[in-house]
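So the structure is just underneath, and the comments pick up after that.
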Amino acid sequence: MTDPNCLFCKIAAKQIPSAIVHEDEEMVAFRDIAPQVPVHIVLVPRVHCAGLNDLTADLAPVIGRIALVARDLAGRMGIAASGYRLVANCGPDAGQTVHHLHFHLLGGAPMGGRMA
Ligand code: AMP
Ligand code: ZN
């Protein structure tokens, strides 16, 4: 369920401090330590899963609820109208550095380029 060596498992368990903006029994959302835009939140399931390649059907409901919480946080952070991205990096080409499934909520400034 959790990996004792995993950074985001430790953040979810509050063994490592973070700026938590939402938590419930299934997920935790906290401010990215190195924000790339003014609003940069990381949303993670409490259950350890290394990334999208390891996603299993039992996690599908929590992924849906993470999307709903991301929408609510976008409203709370004032970026719902200006726009935002919800991004999950998977594997080296995508630049995944923490191997616990997570979604970046990014907004608060125009994001150039058209990666998607
Ligand atoms: P990724 O590159 O998609 O794996 O995203 C990992 C993210 O975790 C990066 O944006 C990091 O800045 C962020 N990060 C790493 N360590 C911490 C930490 N202790 N607290 C908050 N965010 C972190
Ligand atoms: Zn983990």
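Observations, loosely collected:
- Derived scalar couplings ³J(HN,Hα) [the range 20-31; Karplus, 6.51 cos²θ - 1.76 cosθ + 1.60; whole Hz; x for Gly, Pro]: 6, 10, 7, 8, 8, 5, 9, 8, 9, 10, 9, 6
- The string of couplings for the range 45-51 from the Karplus curve (6.51, -1.76, 1.60, θ = phi - 60°) is x, 5, 5, 6, 8, 5, x Hz, one whole number per residue in order, with x for Gly and Pro.
- Packing, as the average of other Cβ atoms within 10 Å across residues, places the peptides 58-65, 88-95 in the order 58-65, 88-95, highest first.
- Shown for the chain: cysteine residues without a partner Cβ closer than 4.7 Å, namely Cys49, Cys90.
- Cα long-axis angle, helix 60-76 against the chain (0 to 90 degrees, to the nearest 10): 40
- Extending 7 Å from the Cα toward the beta-carbon at both Lys14 and Thr2 defines two label points whose distance is 1.1 nm.
- Relative contact order of the chain, defined on C-alpha pairs under 8 angstrom at six or more residues apart (%): 29
- Signed unit charges on C-beta, dipole axis of the range 7-107, positive-most listed residue Leu68, Ala80, Ala50: Ala80
- Asp54/Arg85 FRET efficiency (R0 30 Å; Cβ-Cβ; nearest 0.05): 0.85
- The charge dipole of the range 7-107, taken about the Cα centre with unit charges on the Cβ atoms of Lys, Arg (+1) and Asp, Glu (-1), comes to about 260 debye, rounded to the nearest 20.
- Residues whose amide H comes within less than 5 Å of that of Leu101, counting only those at least five positions distant or on another chain, are Cys49, Ala50, Gly51 (H built at 1.01 Å from N in the peptide plane).
Laboratory data are not the source of any read-out in this text; all were calculated from the coordinates shown. This is a predicted model, so every value here is computed, not measured. Cβ atoms come from the backbone with ideal geometry, glycine included; neighbour counts cover every protein chain shown.
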